[in-house]
Ligand code: TXA
Ligand code: MG
């Protein structure tokens, strides 16, 4: 398939919207990551997204809208809490899971009776969605399993030849996917952490916001007994593929603990790997600015792939606020290959 490459002129946006309207696939920038869009109400169009990404079809998609009024097209579940979050955080990197109206196809919701909805703040995204006149289902515009794309180049690398068009806009400012919060009960629950934190959400709602318990567990990937310990002669193993998302081609190890110890352990490991003639990349973000880590992390993994890095040694961030969201991605990228120091 010939993939058309658009810029962001008004004419480009109109053409992109036309393709979406007629059931085609168009990737476009949002403030979080690039999305791969299709008409969310057209089961055939949405079906093509799964195929283009190589994504399992039980993984539901987010429906993107360009106006708060369009929320009513997708759900009857606009509670006072939902309304509050729409007011405070939309447009922006927050996705709300709400009961789905029957008009939302099962292929969009992965067979669920709920639908995830987001109103992006990126002006190009908003213009494309608005011009298409329909809600747009848009997972991240990467091949399934690869790091989410934060530049137009990343999208071209993954999807050129597989979709109808790519709109190249600015690089993504947030860099990780939106916060997903389940609003289908009185007790809001974060299903995917993002740049909008539990604390901000709970403050806006005036009530506690919980986390999906699955977010607080790390699978045990070591052979026998829990996570690898400092001082053990660790030989990182190839982690279970089912845990590996956002995976770089390189082996990746996360060092967690006191920053000074982490720096020392990484330096030691780096020397050892260099002796093995491996190409090593170190990732150590400023703990005080996790938003910078969020913005850069996926691009970094892709850069490592391109330059043929063999092993990535990464320092963990503190697991709170935005740091928690970054570490959620970092742990998955590394297949939970963690060394505690
Ligand atoms: O920032 C983002 O959210 C980006 C941009 C393009 O907007 N999109 C994105 O889509 O990350 P995707 O498909 O890669 O991730 C959607 C997430 C998945 O974790 C999915 O399981 C969850 O949202 N999700 C979607 N619908 C859901 C539902 N009805 N119930 C629970 N989780 C849902
Ligand atoms: Mg994704």
Could you check, for segment 19-41, whether at least one of its residues is in a helix (DSSP H, G or I), within 15 Å of ligand 2 (Cβ to nearest atom) and either assigned by TED's automatic domain parsing to the domain that holds residue 142 or touching a helix residue (DSSP H, G or I) at 6+ places or on another chain (Cβ under 7 Å) (or both)? no
Candidates 176, 166, filtered to the one that is in contact with a strand residue (DSSP E or B) (Cβ under 7 Å, 6 or more places away or on another chain) and buried (at least 17 other Cβ atoms within 10 Å of the Cβ): 166
Expected single match for surrounded by fewer than 21 Cβ atoms within 10 Å (Cβ to Cβ) and either over 26 Å from residue 34 (Cα atoms) or in the same structural domain as residue 33 (by TED's automatic domain parsing) (or both) among 310, 305, 286 is 310
When restricted to 46, 82, the only residue surrounded by 15 or more Cβ atoms within 10 Å (Cβ to Cβ), within 16 Å of ligand 2 (Cβ to nearest atom) and assigned to a helix (DSSP H, G or I) is 46
Does segment 109-148 hold any residues that are more than 16 Å from the chain's Cα centre (by Cα), more than 21 Å from residue 11 (Cα to Cα) and either more than 12 Å from ligand 1 (Cβ to nearest atom) or surrounded by 24 or more Cβ atoms within 10 Å (Cβ to Cβ) (or both), and which are they? 115
Out of 69, 58, sole residue that is at pLDDT below 95, in the same structural domain as residue 162 (by TED's automatic domain parsing) and either more than 15 Å from ligand 2 (Cβ to nearest atom) or outside any helix (DSSP H, G or I) (or both): 58
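Yes or no, residue by residue, for (1) surrounded by fewer than 18 Cβ atoms within 10 Å (Cβ to Cβ); (2) touching a residue at least 12 places away in the same chain (Cβ under 8 Å); (3) more than 23 Å from the chain's Cα centre (by Cα):
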site	(1), (2), (3)
17	no, yes, yes
31	no, yes, no
37	no, yes, no
54	yes, yes, no
65	no, yes, no
May I ask you to verify whether residue 49 is under 23 Å from residue 150 (Cβ atoms) and out of contact with any helix residue (DSSP H, G or I) (no Cβ under 8 Å at 6 or more places or on another chain)? yes
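The values are calculated or read from the model by the stated rules, or taken from the named source; none is laboratory data. Values in this document were obtained by computation on a predicted structure and should not be read as measured data. Using ideal geometry, Cβ is built from the backbone for each residue, glycine included, and neighbour counts are taken over all protein chains shown.
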